[in-house]
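I have placed the structure first, in the form of structure tokens, so that the comments after it can refer back to it.
All of the numbers you see were taken from the coordinates with simple rules; none came from a lab. What you are looking at is a predicted structure, and each value in this text was computed from that prediction instead of being measured. Cβ sites come from the backbone with ideal geometry, for glycine too, and all protein chains shown count toward neighbours.
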Amino acid sequence: MVIKESEVNLGVTKKCTALGVNRSGYYKWQHQKPEKTDEYAETEITRLYHKHKGTYGRERITQAMRNAGIMINHKKVYRIMRKLGLKAVIRKKWRIRKYIKENVACNTLNREFTTNEPFKKLVCDITELERVNDKRYYLFSIMDLYSNAIIASSISSHNDWGLVVKGLEKLPCETDGVLLHSDQGAQFTSLAYRQFAEQKKIIRIRQINR
């Protein structure tokens, strides 16, 4: 329909090329009777829907049909899909995280976020910063609960163990017996984190997920 009604002074071949349409498919569609055209559209929409296991919505089906030379707009595809009861399936991305028991810290802090001594109770966290030149950066910071001051930090474009270890190595104190509170992110339930903490004699504390 777009090709047929277009006022641009170009031949059918060039119009098909510009729209990314199969020319023979266009001629086949053009010479069908209206009722046959609608019937064919329903058949093709149903075929594409089931071929892609219901993951194609009106936009992708419309594009697939146009690529095959069937001139149809997304509004008509949507109308036919509603008529046929076809709804695109939204697939959820499930990410299963497996915790190794030995790597998960205990909840020693028990929500007692105060202390009378410096460098005894520390809390750490990773924050995603605003993008710079379309590049994402992460900030790992460690706060002393005695003064509520940031005593060590590191920045990286990768949210991984490397970001954490750089910050931990900047701690301005002896780490023997220090309580370090974190969440249960992948960095803090890893073997590398557990081994580092054991080497520095840091007591790992985890946040309870509710």
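I need LYS121, LYS76 ordered by Cβ neighbour count within 10 Å, fewest first.
Fewest to most other Cβ atoms nearby, the residues stand as LYS76, LYS121.
Taking the beta-carbon count within 10 Å as an exposure proxy, list ILE150, ILE72 from fewest neighbours to most.
ILE150, ILE72
Work out, step by step, the length gained on full extension between LYS170 and ALA88: first 0.36 nm times the residue separation, then minus their alpha carbon distance; give nm to one decimal.
24.4 nm
To one decimal place, what orientation-averaged projected area in nm² is obtained for the convex hull of the Cα set of segment 101-206?
6.6
Using 0.36 nm per residue of separation minus the Cα-Cα distance, give me the extension gain between THR115 and ILE155 in nm, one decimal.
Taking THR115 through ILE155 to full extension adds about 11.6 nm, to one decimal.
Using 0.36 nm per residue, how much length does the chain from ARG136 to ARG47 gain when fully extended, once their Cα-Cα distance is taken away?
27.9 nm
Taking the Cβ of TYR49 as the center, what net charge do the other residues with Cβ under 11 Å away carry, scoring Lys and Arg +1 and Asp and Glu -1?
+4
Read phi for every residue in segment 174-186 and hand back ³J(HN,Hα) as whole Hz from Karplus 6.51 cos²θ - 1.76 cosθ + 1.60, θ = phi - 60°, with x for Gly and Pro.
Values, residue by residue: 5, 9, 5, x, 6, 8, 10, 9, 9, 7, 9, x, 4 Hz.
Could you give the nm distance between label points at ASP38 and ASN73, where each point is 7 Å from its Cα heading toward the beta carbon?
Once both label points are built, they end up 1.7 nm from each other.
Show the residues, 5+ positions off or on another chain, whose built amide H is closer than 5 Å to the amide H of TYR56.
Amide H neighbours of TYR56, under 5 Å, 5+ apart: VAL89.
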